[in-house]
Amino acid sequence: MKRLEGRTALVTGAARGIGLEIALAFAAEGAAVAVADLSQEDCAAAAADIAAKTGARTAGIALNVTSEADCERAVAETEKAFGKLDILVNNAGITKDGLVLRMKEADFDSVIAVNLKGSFLMAKAASRPMLKARAGRIINISSVVGQTGQAGQANYSASKAGLIGLTKSLAREFAPRQVLVNAVAPGFIRTRMTDGLKDEAKAKISEMIPLGRMGEPGEVAKAALFLAGDDSAYITGQVLAVNGGLYM
Ligand code: NAP
């Protein structure tokens, strides 16, 4: 029996990177998956690719997570396509790095809007069917820098620390209805987000990581899969670090 047989999931930012690997891992374990991302073309392509690889039911849903109307529509479209919504993964995220003295107010606001407010809006929209069903999982993709802070990432680390507070508050609020809310805090993972780093910076980062290397998106997906499935039925309000030991 597959681990997510009969479940349905909505993953934001799922057209590439970590989100795509999570969507693929869920589909491979039997879930029907809504692949939600900014571009309709990219979501449709990713959804078709996942369906071809796994045989799972998929749907591509274009949305901007900063829009409450988009978030509500994405949840409604998922329910229409698959009949219900069991699992939400808030993975969409952006960076706009810079030292604080040079960071523009707009760059602070946009990172908070996508990473933190977007997760709140999606959780709010998804919580309606989940609370009604008295079952559900919400998984927020935070970051190691939300736990440690990072020079040059005041906006991003604040958004990711905020996501941990949001996770714990939602976990407390939704626990009476058996809706479990947890966060995954990846360290440095090889995706487009980290591709821009110079080789020298990547080598320095790898030296700081006890396991001696950056992580792969599939390694984050395995943590999300655990938090989405029955093996984590007594876990809520937690932050699961997938960081090679970078922060303990
Ligand atoms: P990525 O490759 O840049 O993918 C992020 C996805 O989110 C993209 O498909 C992007 O769409 C989408 N997105 C951006 N803004 C959106 C919005 N407003 N509404 C809907 N979708 C939006 O990044 P990643 O590395 O896979 O990161 C995924 C998550 O993991 C992020 O939350 C990130 O902060 C977190 N994380 C990553 C690392 C790492 O080392 N890579 C470490 C810790 C945490 P477009 O491509 O169309 O812009």
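Yes/no per residue for (1) more than 30 Å from residue 132 (Cα to Cα); (2) surrounded by fewer than 16 Cβ atoms within 10 Å (Cβ to Cβ):
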site	(1), (2)
182	no, no
188	yes, no
193	yes, no
197	yes, yes
201	yes, yes
204	yes, yes
212	yes, yes
215	yes, no
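Starting from residues that are in contact with a helix residue (DSSP H, G or I) (Cβ under 7 Å, 6 or more places away or on another chain) and polar (S, T, N, Q), keep the ones in the stretch 77-136 and report whichever is farthest from the ligand (Cβ to nearest atom).
127
Which condition number in (1) open to solvent by 10 Å² or more (accessible area, probe 1.4 Å); (2) out of contact with any Cys (no Cβ under 7 Å at 6 or more places or on another chain); (3) in a helix (DSSP H, G or I); (4) under 21 Å from residue 166 (Cα atoms) is the one that residue 130 fails?
Every condition holds for residue 130 apart from (1).
Grab the helices (runs of 4 or more DSSP H) fully contained in the stretch 176-248, keeping just those with 3 or more residues being more than 10 Å from the ligand (Cβ to nearest atom) and over 20 Å from residue 91 (Cα atoms).
The helices (runs of 4 or more DSSP H) meeting that bar are 199-208.
Right, residue 151: in a helix (DSSP H, G or I), farther than 22 Å from residue 242 by Cβ and at pLDDT 95 or above or not?
No; evaluated as a whole, the condition is false for this residue.
Could you figure out which of (1) within 16 Å of the ligand (Cβ to nearest atom); (2) assigned to a helix (DSSP H, G or I); (3) touching a residue at least 60 places away in the same chain (Cβ under 8 Å) isn't true of residue 139?
(2)
The values are calculated or read from the model by the stated rules, or taken from the named source; none is laboratory data. Everything numeric in this text was worked out from a predicted model, so none of it was measured. Cβ atoms come from the backbone with ideal geometry, glycine included; neighbour counts cover every protein chain shown. Note: accessible area is taken over every heavy atom of the protein model, side chains too, but ligands, DNA and RNA are not part of it. Shrake-Rupley method; radii C 1.70, N 1.55, O 1.52, S 1.80 Å.
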